[in-house]
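Quick one: the structure is below, and I'll ask about it shortly.
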């Protein structure tokens, strides 16, 4: 018979680290609360019949966030055989609050005191035996990160799973216990099971979900209400506060007996926060860090290596070797062309950016692991709130710098429905890792000496999010204040080399995998369309099917300054995966052939379009509809096709408008003269300003009508 | 007075958490309950980082205003 083992605990207490250790998998671990948004399952290493479930972190079993609902439902309805309650021992008091609730559920619980290494290092001592006695469950000291104590934990959990339900330690005052006893007696027979104590407490607290679930008769409800009101009058407080306070009192008593803390006062984390989240320095520090990350990865370290990969590896080494081999075995011309001009040029162009991406991933992993990422949400909340978003929207955006798909999924931690939709729509404005090669290519080819193009892409993304936040928030659909911001901040710590490298590699691996599959297919398709004419004969690029198609679309982009058909085609292939933009350039501009001299690659780009047009192209590709995978993820989170179409439509329109404004005003400043499209750009700027400053739509119906008139 | 008036570095005791809804319940699960002491680590325009029960919790102004010290 299989055993179900559930991992429960506060957010960011190391559940996923333990999960990976127990199951041998490598699930994503992050140093901020809310990394796990859905439960994950795996088989216990060495015990194939034990299923381990990693539940999202929660502070209590009273559902406030979606994660809490997921966890609560799992524990009630799936009846795991044993709950491993992971507790951050360096923060015992708050963590045990959840423990008091978990033990009430009547399921076998094993308490795992995690981060014991930190506790010992601080010179604190914990008497785990006493804690175990207080909560009536076995306690194991572990360090999930250093894989200490996990074997003991497994054996404790497996033996606990065999136990029969037993009486649960009384944790409340006599008066409350008496009331709970009375409530239990009122429960109908069907509900008198192992969960009965928990049910009684929830009913005592007037928990709405529990009242609905229990489906009690009117008479029973009246009886319960009488018991609750009586207790409330006696203790002069509402039952919910009574329970909360008594839980903390009980914990305080337990901790007093079992926990010796050595130092008090300002912790190193607090001292760092004093500076990093300082009201004056916070933003400059953030901007500086982000500028540094993007500058170093795109313009210096990364570029050096990327140039080597592009020019030497995929320029001098691979192509001649492969071509030589193919010719020597007498391969057909078209196949040589497919491999050389299609696959090596396309996939090679994409892979060439791997060093830059890995540098970038390394920095992001360090920022994340040390605990700074969570602070960014706090710093940005103040600003985001002004634009109708909460700081919590910033976390999906930050994850989105790696990949938009998990970014969109991370929006699930946002409690408010409007905020969540708004975040899903705007998250992909931030340059994801797949857009990095586009930035790097444009920055390298068109602006070789500038330090601002790389970082500017990042700030452009943030700007687009802010502007969209304001505009959309003022529409009727999204009106209303963002949900309040509450977030636990992890302690700062020196990032571990292993963890950081694993993060970097995980993201890098996904990129390589994509290059080998979807991008490979797309490059083959682009090669085919660009090598053959409509008569199915191999022709010059300019006479190919792709050229006809591209030329058909290109005029659309004329106002944006890049009406070259190759750019139009690259934009379209970018919908499949953003890396394709660069891959397509690789094929269409024949990178593999000219790559012997790096400058030549870039000069062919320079010849095709003006720097301003290239920047508009970059802008459009950064902001327009994301790749299919991200659109799919957005579809899942938005929950309807209508919303998905709105999202994609809005993004593309917004991208077009911004790119147009940049190109047209830029040309005017450069002395390009005033034309029809310059006028359009001005009108669009005016419209944008109007949408930014207009009065927010009212939610009531009178306001609705009024507003429609105004905007019509 | 509301917590937003507290100075950074000061240690204060919570007198009351106002309101009576799920937000208050959530604050309670984070440790914001009557009688608990809370330290302001830093403050930006009313948004605060607070030290409570050995953890750091970031709250926005509207939330911090509901905590009376």
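Coordinate-derived values only; no laboratory data. Since we're looking at a predicted model, the values are computed, not measured. Every residue, glycine as well, gets a Cβ built from its backbone with ideal geometry; the counts of neighbours run over all protein chains shown.
Once the Cβ-Cβ distance between residue A:417 and residue A:127 is put in as r, and R0 is 51 Å, what FRET efficiency do you end up with, to the nearest 0.05? Numbers along the way, then the final one.
Details: r = 46 Å, r/R0 = 0.90.
Rounded to the nearest 0.05, the efficiency is 0.65.
Between the alpha-carbon centers of the range A:418-464 and the range A:84-148, tell me the distance in whole angstrom.
43 Å
At residue A:542 and residue A:164, where each label point lies 7 Å from the Cα along Cα→Cβ, what is the point-to-point distance in nanometres?
If labels sit at residue A:542 and residue A:164, their model points lie 9.0 nm apart.
Have a look at chain B and give its Rg and Dmax from the Cα atoms, expressed in angstrom.
Rg then Dmax for chain B, in Å: 10.4, 29.
Count, for each residue of A:368-378, the Cβ atoms from other chains sitting within 10 Å of its Cβ, then give me the mean as a whole number. Working shown, then result.
Values: counts 0, 0, 0, 1, 0, 0, 2, 4, 0, 1, 10.
Across A:368-378, the average partner-chain Cβ count within 10 Å equals 2.
Taking the highest mean first, how do the peptides A:464-471, A:108-115 order by number of other beta carbon atoms within 10 angstrom per residue?
Numbers: A:464-471: 20.9, A:108-115: 25.8.
Those peptides, ordered most packed to least, come out A:108-115, A:464-471.
Oh, and also: Averaged across A:89-100, how many Cβ atoms of other chains sit within 10 Å of each residue's Cβ atom?
Values: counts 0, 2, 5, 2, 6, 8, 3, 1, 6, 1, 0, 0.
Taking all residues of A:89-100 together, the mean is 3.
Just from its helices, what would the mean residue ellipticity at 222 nm be for chain A, if runs of 4 or more DSSP H residues each count -39500 (n - 2.57) and the sum is divided by every residue, rounded to the nearest 500 deg cm²/dmol? Walk me through the numbers on the way to the answer.
Working: 36 runs with 427 residues, N = 712.
Rounded to the nearest 500, it is -18500 deg cm²/dmol.
Going by how many other beta carbons lie within 10 Å of each one, how would you line up A:656, A:690, fewest first?
On the way: A:656 20, A:690 11.
Lowest to highest Cβ neighbour count: A:690, A:656.
Continuing with the same structure: Report the label-to-label distance for residue B:45 and residue A:316 in nanometres (one decimal), using points 7 Å from each Cα along the Cα→Cβ vector.
5.3 nm
So how do A:361, A:585, A:528 line up by other beta-carbon neighbours within 10 Å, fewest first? Walk me through the numbers before you get to the answer.
On the way: A:361 24, A:585 29, A:528 15.
Ascending number of Cβ neighbours within 10 Å: A:528, A:361, A:585.
To continue, here is another question. Starting from the Cα-Cα distance between residue A:178 and residue A:645, subtract it from 0.36 nm times their residue separation and give me the gain in nm to one decimal. Let's see the in-between values first.
Numbers: separation 467, 0.36 × 467 = 168.12 nm, distance 5.70 nm.
So the extension gain works out to 162.4 nm.
Do you know the relative contact order of the range A:174-260, to the nearest whole percent, from alpha carbon pairs under 8 angstrom that are 6+ apart? Write down the numbers at each step before the final one.
Working: 43 pairs, mean separation 26.4, N = 87.
Reported as a whole number, the value is 30 percent.
How would you rank A:542, A:246, going from fewest to most other Cβ atoms within 10 Å of each one's own Cβ?
On the way: A:542 11, A:246 18.
Taking fewest neighbouring Cβ atoms as first place, the list is A:542, A:246.
For residue A:680 and residue A:512, compute 0.36 nm times the residue count separating them, minus their Cα-Cα distance, and round to one decimal in nm.
Numbers: separation 168, 0.36 × 168 = 60.48 nm, distance 4.20 nm.
The residue A:680-residue A:512 span can extend by a further 56.3 nm.
Roughly speaking, what is the centre-to-centre gap between the range A:478-517 and the range A:532-593 when only Cα atoms are used, to the nearest Å?
Comparing the Cα centres of the range A:478-517 and the range A:532-593, I get a distance of 34 Å.
Give me the number: length gained by fully extending residue A:691 to residue A:155, i.e. 0.36 nm times residue separation minus the C-alpha to C-alpha distance, one decimal in nm.
Values: separation 536, 0.36 × 536 = 192.96 nm, distance 6.21 nm.
Gain in length upon complete extension: 186.7 nm.
Another question, if that's okay. Would you mind getting me the FRET efficiency between residue A:27 and residue A:257? Use the beta-carbon distance for r and R0 = 41 Å, nearest 0.05.
Details: r = 36 Å, r/R0 = 0.89.
Efficiency for this residue pair is about 0.65.
Between the range A:200-248 and the range B:27-58, what's the alpha-carbon centroid distance in Å?
Comparing the Cα centres of the range A:200-248 and the range B:27-58, I get a distance of 28 Å.
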